[in-house]
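Here the structure is laid out as structure tokens; the discussion comes afterwards.
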Amino acid sequence: MLSRRAFMQQAAAGATAALAAAATRNSVRAEAQRPNIVWIYSDDHAQKAVSAYGGPLSTIAPTPNIDRIAQNGVIFRNSFVTNSLCGPCRAVILTGLHSHLNGFRQNGDRFDGSQQTFPKLLQQAGYQTAVYGKWHLETDPTGFDAWEILPGQGCYYNPDFQSAQGTKREPGYVTDIITDKALDWMQNRRDPRKPFMVMIQHKAPHREWEPGPDHLNDFNDVEFPEPPTLFDDYAGRGTAAREQDMSIEKTMRITSDLKVWGDEIPKEDMGSWKRTCGRMTGEQRAAWDAAYARRIGEYETGNLQGEALVRWKYQQYMKDYLRCVRSVDDNVGRVLDYLEKTGLDKNTVVFYSSDQSFYLGEHGWFDKRFIYEESFRTPLVAQWPGVIQPGSSAGSLVQNLDMAGTFLAIAGVPVPETMQGLSLVPLMKGEQPADWRTSLYYQYFEGEGKVHNVYKHYGVRTDRYKLAHFHTLGEWEFYDLEKDPQEMQNQYANPDYADQVAALKTELARLREQYRVPEEETAK
Ligand code: SGN
Ligand code: CA
């Protein structure tokens, strides 16, 4: 668009109506060229359960559609979060600020929707914006032209959706419905003259891992490889690893988590299952019961104990989790097919990511929260035809903190200086900025006494080392990720690492200053 001054100058120079019309045509063309953004974001999708990342699951439980994005574009091999928990990650994505600055430190906090967010800035720049699915930020979305969200964690079957018009129950399976809504908005409900940004945010594969009708019987005869640390005794670690409450052995419920029950489920074992099963139609329930009869029979006749029971639970957990992932992947495929069929794909940047990664039996765990690799990482792939070289791989350290500024940079909108991330656009173009970050800051606030009892901690990771301070315990942990990728041996007190520990302490202090972390955030 011409600035007002330029316009006045032209007018003064005798610009005709024809000139003004040409300017309008140009601005319409420029408008049409700004890329659309599709952000597909699942909940608790472990990086190792995305086949583009390789590993043993990639052949057993491939994710061909998420991989399609990586093949068309780029895979970020070192993608991390700042605070491995649902609500906090979502607040970081929206604001480009660490938790202590956006104010959403732990689940249950209320997101201050009056603060600056990337959707608001895109909207102000003429984008149409929408969000569908999991939100989990307690306050209503702001900065969106259209939104329909799951209340809280939402339900897998026949879920409620909340919008500006109120709450409505929708028939079907949650992953399919969220996609239906986003496709309908892209096809019928947005202003086609404007570029758009849509966030498609799945509930799956979150606990309690309830598969959709299309995948209830997948993996029935598959034996999943056990992680080498399934029977970790935490000997090389500290109090936090020992005292967590997120183990397959002790925490995972046979009933609601693994769907084994008689007519009566003990109340304390109910979890969210009661909400879901109470919602199923007769037909959905019949398909479900038929699928789980075999598992219930196995449990009832197996008389499993000790390690054998943990092994069996792990196998059932993997089946359900990966069945949920299958629906996510199918629905990623639906979005990609739609974009290709309409030709929108040519000018649309598509991302796939998860709020955080997840333990699939490593250290004997499920869930997330820790700064350890399995939960610190998150999958991230992106396609952008004509900009990202198909099949590329980026190894730089990136973080969910970077997304807000990246979305703005894609749209050509100036990134506010207050945002704390880096734009990923240079990496997407295959460039390697010389001054790219060499370390990441992490802080987990929810803490002991809350669900899963993971102690508060903060820390720093470089490409090789990791230092964490469990400040309420007064315990430090240090890992050499090259020699000990599974983080089994805390080397904090090992004199051989004294120099590296000291260097990381200095780096941690520098990051805390850079990210403006007040001392009281880590006071006991
Ligand atoms: C629920 C789950 C927990 C999970 C949290 C947070 N329990 O409380 O296992 O850690 O949500 O998850 S459940 O029995 O209700 O499934 S998050 O992804 O929203 O942060
Ligand atoms: Ca999550």
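The values are calculated or read from the model by the stated rules, or taken from the named source; none is laboratory data. Nothing here was measured: the structure is a model prediction, and the numbers come from that model. Glycine also receives a Cβ, built like all others from the backbone with ideal geometry; neighbour counts cover every protein chain displayed. Calculation scope for accessible area: heavy atoms of the full protein, side chains included, ligands and nucleic acids excluded. Shrake-Rupley method; radii C 1.70, N 1.55, O 1.52, S 1.80 Å.
Filter region 253-303 down to the residues that are within 16 Å of ligand 1 (Cβ to nearest atom), under 28 Å from the mean Cα position of the chain (by Cα) and either among the acidic types (Asp, Glu) or modelled with pLDDT of 90 or more (or both) and list them by number.
Arg253, Ile254, Asp257, Leu258, Lys259, Asp269
Within region 208-216, is there a residue that is within 16 Å of ligand 2 (Cβ to nearest atom), open to solvent by less than 10 Å² (accessible area, probe 1.4 Å) and farther than 17 Å from Lys313 by Cβ?
First pass over region 208-216, keeping only residues within 16 Å of ligand 2 (Cβ to nearest atom): 208-210.
Imposing the further condition that a residue be open to solvent by less than 10 Å² (accessible area, probe 1.4 Å) reduces the set to 208-210.
Applying the additional criterion that residues be farther than 17 Å from Lys313 by Cβ yields none.
No, region 208-216 has no match at all.
Report, by residue number, each residue of region 82-103 that is among the hydroxyl-bearing types (Ser, Thr, Tyr) and either free of Cβ contacts under 8 Å to residues at least 60 places away in the same chain or away from ligand 2 (no atom under 16 Å from the Cβ) (or both). I'd like the intermediate steps shown before the answer.
Keep residues of region 82-103 that are among the hydroxyl-bearing types (Ser, Thr, Tyr), which gives 82, 84, 95, 99.
Within region 82-103, just Thr95 meets the criteria.
State all residues of region 154-182 that are of a type outside the set (Ser, Thr, Tyr), closer than 20 Å to His215 by Cβ and open to solvent by less than 60 Å² (accessible area, probe 1.4 Å); if no residue qualifies, say none.
Of all residues in region 154-182, those of a type outside the set (Ser, Thr, Tyr) come to 154-155, 158-162, 164-166, 168-172, 174, 176-178, 180-182.
With the extra rule that they be closer than 20 Å to His215 by Cβ, the set shrinks to 154-155, 158-159, 170-172, 174, 176-178, 180.
Once the filter is applied, which keeps residues that are of a type outside the set (Ser, Thr, Tyr), closer than 20 Å to His215 by Cβ and open to solvent by less than 60 Å² (accessible area, probe 1.4 Å), region 154-182 yields Gly154, Cys155, Asn158, Pro159, Glu170, Gly172, Val174, Asp176, Ile177, Ile178.
For residues that are part of a helix (DSSP H, G or I) and among the hydrophobic types (A, V, I, L, M, F, W, C), scanning just region 32-60, find the one that is nearest to ligand 1 (Cβ to nearest atom). Even if it seems obvious, please write down each step before you answer.
From region 32-60, those part of a helix (DSSP H, G or I) are 32-33, 47-49, 51-53, 57-60; that's our starting set.
Checking the rest, the ones that are also among the hydrophobic types (A, V, I, L, M, F, W, C) come to 32, 49, 52, 57, 60.
Numbers: Ala32: 38, Ala49: 15, Ala52: 22, Leu57: 20, Ile60: 24 Å.
Looking at the filtered set, the residue picked out is Ala49.
Sort out which residues of region 370-399 are open to solvent by 10 Å² or more (accessible area, probe 1.4 Å) and not in a strand (DSSP E or B), and write them in order of number.
Those that are open to solvent by 10 Å² or more (accessible area, probe 1.4 Å) and not in a strand (DSSP E or B): Glu373, Glu374, Trp384, Pro385, Gly386, Val387, Gln389, Pro390, Gly391, Gly395, Ser396, Leu397.
Return the residues of region 486-511 that are closer than 21 Å to Gly236 by Cβ, of a type in the set (A, V, I, L, M, F, W, C) and touching a residue at least 12 places away in the same chain (Cβ under 8 Å); say none if nothing qualifies.
Hits for region 486-511 are Met488, Val501, Leu504.
Report yes if some residue within region 4-20 is modelled with pLDDT of 95 or more and either of a type outside the set (Lys, Arg) or touching a Pro at 6+ places or on another chain (Cβ under 8 Å) (or both); otherwise report no. Show your work before the answer.
Of all residues in region 4-20, those modelled with pLDDT of 95 or more come to none.
No, because not a single residue in region 4-20 is modelled with pLDDT of 95 or more and either of a type outside the set (Lys, Arg) or touching a Pro at 6+ places or on another chain (Cβ under 8 Å) (or both).
Kindly indicate which of Ala498, Ala493, Ala502 is hydrophobic (A, V, I, L, M, F, W, C) and open to solvent by 80 Å² or more (accessible area, probe 1.4 Å).
Details: Ala498 fails: open to solvent by 80 Å² or more (accessible area, probe 1.4 Å); Ala502 fails: open to solvent by 80 Å² or more (accessible area, probe 1.4 Å).
Result: Ala493 is the single residue among Ala498, Ala493, Ala502 that is hydrophobic (A, V, I, L, M, F, W, C) and open to solvent by 80 Å² or more (accessible area, probe 1.4 Å).
Hey, which of the strands (runs of 3 or more DSSP E) in region 138-203, taking only ones fully inside, have at least 1 residues that are within 18 Å of the chain's Cα centre (by Cα)? Reasoning before the result, please.
Working: elements: 146-149, 160-163, 166-169, 196-201.
Those strands (runs of 3 or more DSSP E) span 146-149, 196-201.
Which condition from (1) in contact (Cβ under 8 Å) with a residue 24 or more places away in the chain; (2) open to solvent by less than 20 Å² (accessible area, probe 1.4 Å); (3) in contact with an Asp or Glu (Cβ under 7 Å, 6 or more places away or on another chain) is the one that Leu467 breaks?
(3)
Identify, please: which residue in region 195-227 is acidic (Asp, Glu) and more than 11 Å from Val325 (Cβ to Cβ) and is, among those, nearest to ligand 1 (Cβ to nearest atom)? Spell out how you get there, then give the answer.
Initially, region 195-227 is screened for residues acidic (Asp, Glu), giving 208, 210, 214, 218, 221, 223, 226.
After this cut, where a residue has to be more than 11 Å from Val325 (Cβ to Cβ) as well, the list is 208, 210, 214, 221, 223, 226.
On the way: Glu208: 5, Glu210: 10, Asp214: 22, Asp221: 27, Glu223: 25, Glu226: 21 Å.
Here the residue is Glu208.
Would you pick out the residues in region 74-103 that are part of a helix (DSSP H, G or I) and among the polar types (S, T, N, Q)? Working first, answer last.
Of region 74-103, the ones part of a helix (DSSP H, G or I) are 86-95, 99-102.
Across region 74-103, the qualifying residues are Thr95, Ser99, Asn102.
Please find, among Gln71, Gln123, Gln116, Gln106, the residue that is on the phi < 0 side of the Ramachandran plot, more than 16 Å from ligand 2 (Cβ to nearest atom), open to solvent by 10 Å² or more (accessible area, probe 1.4 Å) and part of a loop (DSSP other than H, G, I, E, B).
On the way: Gln71 fails: part of a loop (DSSP other than H, G, I, E, B); Gln123 fails: part of a loop (DSSP other than H, G, I, E, B); Gln106 fails: more than 16 Å from ligand 2 (Cβ to nearest atom).
That would be Gln116, the only listed residue that is on the phi < 0 side of the Ramachandran plot, more than 16 Å from ligand 2 (Cβ to nearest atom), open to solvent by 10 Å² or more (accessible area, probe 1.4 Å) and part of a loop (DSSP other than H, G, I, E, B).
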